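The values are calculated or read from the model by the stated rules, or taken from the named source; none is laboratory data. All values reported here derive from a predicted model rather than from experimental measurement. Cβ sites come from the backbone with ideal geometry, for glycine too, and all protein chains shown count toward neighbours. Just the protein is used for accessible areas: all its heavy atoms, side chains included, with ligands, DNA and RNA removed. Shrake-Rupley method; radii C 1.70, N 1.55, O 1.52, S 1.80 Å.
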2 protein chains.
Amino acid sequence: MSDDPLVIFTPSGKRGRFPVGTPVLTAARKLGVDLDSVCGGRGICSKCQITPSYGEFPKHGVSVIKDALSGWNAVEDKYDRLRGLPEGRRLGCQATVQSDIVIDVPPESQVHKQVVRKRAEAREITMEPATKLYYVEVQEPDMHEPSGDLERLQKALKEQWYLDVAGSDLRTLQLLQPALRKGKWKVTCAIHTAESGSSHVMQVWPGYYEGSIYGLAIDLGSTTIAAHLCDLHSGEVVASSGIMNPQIRFGEDLMSRVSYVMMNPGGEVELTRAVRESMNALIVQVSTEAEIDRELIVEAVLVGNPVMHHLFLGIDPVELGQAPFALASSGAVSLWASEVEMHMHPEARLYILPCIAGHVGADAAAVALSEAPYRSDELVLIVDVGTNAEILLGNKDKVLACSSPTGPAFEGAQISSGQRAAPGAIENVRIDPVSKEPRFKVIGCDLWSNEDGFEAATLSSGITGICGSGIIEVIAEMRLAGLLDAGGLIGSAQQTGTERCIVDGRTNSYVLHDASTSDGPLITVTNSDIRAIQLAKAALYAGARLLMDKMGVESVNHVTLAGAFGAHISAKHAMVLGMIPDCPVENVVSAGNAAGTGARIALLNVSARREIERVVHEIEKIETAIEPKFQDHFVNASSIPHATDPFPLLNKIVDIPDVSFNVKQSGEGGRRRRRR
Amino acid sequence: MSDDPLVIFTPSGKRGRFPVGTPVLTAARKLGVDLDSVCGGRGICSKCQITPSYGEFPKHGVSVIKDALSGWNAVEDKYDRLRGLPEGRRLGCQATVQSDIVIDVPPESQVHKQVVRKRAEAREITMEPATKLYYVEVQEPDMHEPSGDLERLQKALKEQWYLDVAGSDLRTLQLLQPALRKGKWKVTCAIHTAESGSSHVMQVWPGYYEGSIYGLAIDLGSTTIAAHLCDLHSGEVVASSGIMNPQIRFGEDLMSRVSYVMMNPGGEVELTRAVRESMNALIVQVSTEAEIDRELIVEAVLVGNPVMHHLFLGIDPVELGQAPFALASSGAVSLWASEVEMHMHPEARLYILPCIAGHVGADAAAVALSEAPYRSDELVLIVDVGTNAEILLGNKDKVLACSSPTGPAFEGAQISSGQRAAPGAIENVRIDPVSKEPRFKVIGCDLWSNEDGFEAATLSSGITGICGSGIIEVIAEMRLAGLLDAGGLIGSAQQTGTERCIVDGRTNSYVLHDASTSDGPLITVTNSDIRAIQLAKAALYAGARLLMDKMGVESVNHVTLAGAFGAHISAKHAMVLGMIPDCPVENVVSAGNAAGTGARIALLNVSARREIERVVHEIEKIETAIEPKFQDHFVNASSIPHATDPFPLLNKIVDIPDVSFNVKQSGEGGRRRRRR
């Protein structure tokens, strides 16, 4: 055993002996400890911060003296003055080992750091992006050894970072010579490693580049396009935004867009142009929000249903509109973002997750990646609520998937006061069962509408409409307050005892908010809104039931609700509406935009791409369009649950008034009694 | 030993036993015999033609009976009727083995066929292109196995061709579904295999595609851009063309173009645009000549000197204009042709050979590939004559390379009657030593100007000027006819005895052709033309001498003369001019456009790309700009050889009149006597 000092790293527990004077970063690298560095140990990037621990460590069998590391040096001093180094921290490339030492690597100093997801039950994302920054010092050219500047950069990357870089993009080659000279032969490179394993230099900055590079995780929905802009070093989401899919003008649901193309040969070009234009508007939106140059977005990951996937790629979706619903490609697609006219970094890469089947797209694959039913011990039902609902049912033994055409109602389209989830949209609603008076929350404000300061807080955004999660809540609350019967009819003022219920010919409505005094819109829920939601939820429910039939189960014990639109969906309200099979309410979790999260996971972790590419092959696909039982389930699921089976678990937690309103005799008083 | 029939293939000699009924193509594939097929044995492509041999083959130990193969069948009959099958030929996929048989695979049925080069001493090119055609039958989609069309195509390529195809280009994905349906699930694919080994489908045709695909081998010179359009299956050159490099307006030689960029920041953009526009004009020119759609050109290989290489790629060449002459990249460059705005197939690939050094470019690498000095037992000097001369000296032990700035005179620029090698240009000249009357040949006509029918044959092209090889010949012939002295002065009519020599002030000239009667130009050679050629040849000679110094040799025994301009250079005339060191004239060979040939080799054979990428690292580069001896050699080499050393071998074959003309005293008679 050598007399060299023992160096122990926590939390990994990796340990080894190193000669006195070894920099901590060097020791970490030799032991394979996950300690970050962009500048390669030159005291520039400060990414290799570590925390030495002193004292007795019986667990590790060492005693650490005060001078176990070399003293604070000029480089650390300068860095501390300019940027500030947290108390107790040292720079791993500056501090050298003097005697036995225990060194903690804080999470933010790990390359493969964990990005914590908000939900407790969700697994963390380990940082392993495809594009990373490297600072290198390149040998100057020499007439007697006439290799090119790129070849000397490759040599430097090999020597200083053990990286085999195959080459550079053409644009980088055009920028390389001035950058090397401006940076006095020191440059920072962004290096992208493709799925094939080959790496390319895609950007070069003179000297040490202080900034970051970014990636975009995009959920391309039929109604909404949502994007998260992520820092590719920290994993942090620096901006999130959404935009309406402009293809809606060609048809609200997917099949009507496919029909548009069938009726208008070449129409796919218009649809492709429309969605690509919006994609660029969204890119401007998120980069403006994050205050970054959009050319710093070096990568994107996109998910979407098959029709959107094909239209975005410029592939005629006509085959998806007719059996056997053949995809042009079911595999993951890797290409240059410029090939689909995305205006980000000129050489940015785009990765599109694989599709599961002709009706179960890359969005479903993304939900699978985010919620990982294939890793679950328990059987879990996952429904991703959108214009097309993606439904997964399974556990680690088997996963089934299908897609159900719910239409855009859940996303606020086809709803009279509906809107996209954006500031000003009502996202939570409660109706007092006695007074029938509503209170609500709007996106962008934490107060309820009946709380002090609400009006002032919503002055700038206004109260503009109801978003998808709001519509679910308001209808469920109307049902719970006895304003709505199981058939979906709204009672009259006389029947319900509130002037908020208005009968106008055959159209009944409920006034949720009258902002006409403050120049805002009148926000109501109409019978036709309710009808649209009923059709949507029946399709959702029927899809879930079909998978349960195929799996041979009568009930599920765990349900995950996901949806791209706005806030998380309220489990209770979704159940009151009858969107999902009966289930213990405490086991119904809301996952937010799981497809978007799946895209984000694939953006930040390339192993996750390999994982989902493997998993999609193991998922069993059910085609709802050819399953007669789907129609049966659909027809049976259109009414809103009432006080009978098959919702015994729901009925344990809520009292649903057993009311019935007959629209033809609106003058007649409805029967009305509270159950139990 | 089995009782199955023995099948012997010639010329490979491969043999094996196969059950009765085995198709010949199947037997060939199992034995690894190089027998072509695009349709995979379906009797469509007819590429697998073979010639069975009958009788006794004592050498092979077999006796072949008349019915050794199955009878002529309906597929062969149909093919024979439609296209004609040569006498004795069978289709290898139709004819089945019945008893012992000897089968010859004719050269045109081999995949790796040899492309014969015109010169006897040149090695053949083995066909091994990066892009090939494959005909496949794809499984139809099935709702219960929802893989994409591309994935089923990949599966078919794997099963039917043992090809692992990574994916397809986006455009192909857009075309795939209609092509599969139109072709009833049978398609022909063009598949490109990149340097990394990964293959992509780059084009798909419904059914069996009867046509061919093409590649372009481009020599991008300072003065001339030359291109060969090749059939990527047969290797045949289907069109060759050239165009002037329009950058000449920014400077005739490379350094003046670099200076232009230095003086006009951003000027490289203009230069890049100009050369790319001409490249596209050239693409139109060759595809028109070959009568093919330019979108069938799926690949290009480009060679050029470093400045042209950088300007074409859009890289500022300023570093190449100053020590240490650093290349942006010295390695081979692979990219999409569209990245440099070449209008061919939209997904066409471009491969650019590696550069050897800052002044010794991809053109020199191409000459090395074509002439392969690194495989030669004998020491060989290779000079590629252009605006920059590339010079290689070496054998299999060691190869030296340098570049010498000869200027554009050898390409007909800076020459009063000079022009690019094109129909109408004078390319060969003879001057009668007694009468001093010239005769000549022009490009596009095989007759000498004094032969019957010459006038009629050149009526359409006219006689328009002198190309590079013509200028070398006419000056050498003037010297041999005593019209020119060693200092490069043209004698007067009085001194030379011919009225074709005209003195006009200080400018003397020789009238080669007076076409003014037929509206053509007056074609003369002037003292300043001769001066330009003297400077050019002095630079060439000095470069060659410098390499000989570095190699430590006083003479060379083998010289290869190459040049992009027009016809082959006459060895004798080049020696009379003093372009190259003294050498036995029978060992001076003319290689034509060796750089273009090198590009063609790399186009048709991907192994050759690997070979030259390896070889350039082993070539020792000499930088003429920093070698003082280069200047000394240059100064000493400016006069035209006369009857003294250092040209004893030259003087063995020609009598050079020892004349001297003094321009100042043009009235005075020159000394004139025939040597020996």
Around A:S99, what is the net charge, scoring Lys/Arg as +1 and Asp/Glu as -1 over all other residues with Cβ under 13 Å from its Cβ? -2
Shape of the range A:1-42, Cα gyration tensor, a/c cut at 1.5: oblate
May I ask for the distance between the Cα centers of the range B:543-557 and the range A:129-174, given as a whole number of Å? 36 Å
Within the range B:30-99, DSSP-loop GluC sites (Glu not before Pro) with at most 14 other C-beta atoms within 10 Å are B:E87
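If the viscosity is 1.567 mPa s and the temperature 4 °C, what Stokes-Einstein diffusion coefficient in µm²/s follows for the range A:131-206 when Rh is the Kirkwood radius over Cα pairs? Present the calculation step by step, with values, prior to reporting the outcome.
Numbers: Rh = 12.2 Å.
Translational D for this selection: 106 µm²/s.
With +1 on each Lys and Arg Cβ and -1 on each Asp and Glu Cβ, and nothing else charged, work out how big the dipole of the range B:483-606 is about its Cα centre, in Debye to the nearest 20. Could the numbers behind the result be given before it?
Values: 8 positive and 10 negative charges, 73 e Å.
So the dipole magnitude of the range B:483-606 works out to roughly 340 debye.
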For the range A:251-263, Karplus-derived ³J(HN,Hα) couplings (6.51, -1.76, 1.60; θ = phi - 60°; whole Hz; x for glycine and proline) come out as x, 6, 9, 5, 5, 6, 6, 4, 4, 4, 5, 5, 7
Of B:L271, B:L176, B:I248, farthest towards positive along the dipole that unit charges on Lys, Arg, Asp, Glu beta carbons give the range B:173-313: B:L176
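From other protein chains only, count the Cβ atoms within 10 Å of every residue's Cβ in B:172-178, then give the mean.
Values: counts 1, 8, 8, 3, 3, 11, 3.
Partner-chain Cβ atoms within 10 Å, mean over residues of B:172-178: 5.
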Under a point-charge model restricted to the Cβ atoms of Lys and Arg (+1) and Asp and Glu (-1), what is the dipole moment magnitude of the range A:6-109 relative to its Cα centre, in debye to the nearest 20? 280 debye
Please give the Cα centre distance for the range B:30-83 versus the range B:270-322, rounded to the nearest Å. 44 Å
Suppose each label sits 7 Å from its Cα in the direction of the beta carbon; what would the A:S256-A:E277 distance come out to in nanometres? 2.0 nm
Loop-resident sites, the range B:339-413, for trypsin sites (Lys or Arg not before Pro), counting at most 15 other Cβ within 10 Å (DSSP): B:K396
Within a Cβ distance under 12 Å of A:D80, other residues only, what is the Lys/Arg minus Asp/Glu net charge? +2
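Would you mind counting up the charge near A:S287? Only other residues with Cβ under 10 Å from its Cβ, with Lys and Arg at +1 and Asp and Glu at -1. List each step's numbers first, then the result.
Working: positive: A:R294; negative: A:E289, A:E291, A:D293, A:E295.
Computed value for this residue: -3.
Where a ≥ b ≥ c are the square roots of the eigenvalues of the C-alpha gyration tensor, would you call the range A:417-517 rounded, which needs a/c under 1.5, or, failing that, prolate if a/b is larger than b/c, or oblate? Before the final figure, lay out the partial values.
Details: a/c = 1.90, a/b = 1.75, b/c = 1.08.
Verdict is prolate for the range A:417-517.
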Can you give the extra length, in nm with one decimal, that the chain gains between A:Q631 and A:A493 once fully stretched, where that is 0.36 nm per residue apart less the Cα-Cα distance? 46.1 nm
Starting at the first residue of the range A:31-45, write each ³J(HN,Hα) from the Karplus equation 6.51 cos²θ - 1.76 cosθ + 1.60 with θ = phi - 60°, in whole Hz, x for Gly and Pro. 8, x, 6, 7, 10, 6, 5, 9, 8, x, x, 9, x, 10, 8
Along the Cα-to-Cβ line of A:S338, 7 Å from the Cα, sits a label point; which residues in the range A:291-314 have backbone N less than 17 Å from it? A:294-300
Along the range A:265-275, Karplus-curve 3J(HN,Hα) (6.51, -1.76, 1.60; θ = phi - 60°) to the nearest Hz, with x for Gly and Pro, reads x, x, x, 4, 5, 4, 5, 5, 4, 4, 6
Of A:K47/A:K155; A:K396/A:K621; A:K550/A:K652; B:K537/B:K572; B:K78/B:K182; A:K78/A:K184, those spanning more than 18 Å from alpha-carbon to alpha-carbon: A:K47/A:K155; A:K550/A:K652; B:K78/B:K182; A:K78/A:K184
I'd like the accessible area for A:L535: 1.4 Å probe, protein heavy atoms, all chains in place, Å² to the nearest 10. 80 Å²
Heavy-atom accessible surface buried between A and B, both sides counted, 1.4 angstrom probe, nearest 100 Å², is 3000 Å²
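Which shape class applies to the protein assembly as shown: rounded if a/c is under 1.5, otherwise prolate when a/b exceeds b/c and oblate if not, where a ≥ b ≥ c are the square roots of the Cα gyration tensor eigenvalues? Numbers along the way, then the final one.
On the way: a/c = 2.32, a/b = 1.84, b/c = 1.26.
Note, shape of the protein assembly as shown comes out prolate.
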Inter-copy separations for A:A323, label at 7 Å along Cα-Cβ, nm, ascending: 8.0
Which residue of chain B is nearest the rotation axis onto chain A, counting by its Cβ, and what is the distance in whole Å? B:S196, 3
Compute the helix-to-body angle for A:527-551: its Cα long axis versus the longest principal axis of chain A, expressed 0 to 90° and rounded to tens. 60 degrees
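Work out the FRET efficiency for A:T507 and A:N587 from their Cβ-Cβ distance, taking R0 = 45 Å, and round it to the nearest 0.05. Write out the running numbers ahead of the final one.
Numbers: r = 38 Å, r/R0 = 0.85.
In this case the efficiency is close to 0.70.
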Over chain B, calculate the relative contact order: mean separation of alpha carbon pairs under 8 Å at least 6 apart, over the residue count, as a percent. 11 percent
Quantify how strongly other chains surround peptide A:315-325 by giving the mean number of their Cβ atoms within 10 Å of each of its Cβ atoms. 3
B:Q203 long-range amide H proximity, modeled H, under 5 Å: B:A190
For A:134-141, mean number of other protein chain Cβ atoms within 10 Å: 1
Among A:Q534, B:P354, B:V307, which residue has its Cα positioned farthest towards the positive end of the charge dipole of the protein assembly as shown, with +1 placed on the Cβ of Lys and Arg, -1 on the Cβ of Asp and Glu, and the dipole taken about the Cα centre? B:P354
Relative to the other copies, what are the label-point distances for A:P19, with labels 7 Å from Cα along the C-beta vector, expressed in nm at one decimal and sorted shortest first? 7.0
Point-charge dipole on Cβ atoms (K/R +1, D/E -1) for chain B, about Cα centre, debye to 20: 720 debye
For the range B:131-206, what relative contact order do you get, as a whole percent, if you take Cα pairs closer than 8 Å and at least 6 residues apart? 37 percent
Take the alpha-carbon centre of the range A:216-247, take the same for the range B:445-463, and report the distance between them in whole Å. 72 Å
Residue-averaged 222 nm ellipticity for chain A, from DSSP H runs of 4+ at -39500 (n - 2.57), nearest 500: -8500 deg cm²/dmol
State in Å² the accessible area per residue of chain B; use a 1.4 Å probe, count heavy atoms of protein chains only, and round to the nearest integer. 39 Å²
Nearest-first distances (nm) between copies at A:Y162, label 7 Å from Cα via Cβ: 3.7
Looking only at the range A:166-198, which residues have a backbone nitrogen under 17 Å from a spot 7 Å from the Cα of A:E137 in the C-beta direction? A:180-189
May I ask you to order A:225-232, B:506-513, A:272-279 by the average number of other C-beta atoms within 10 Å around their residues, highest value first? A:225-232, B:506-513, A:272-279
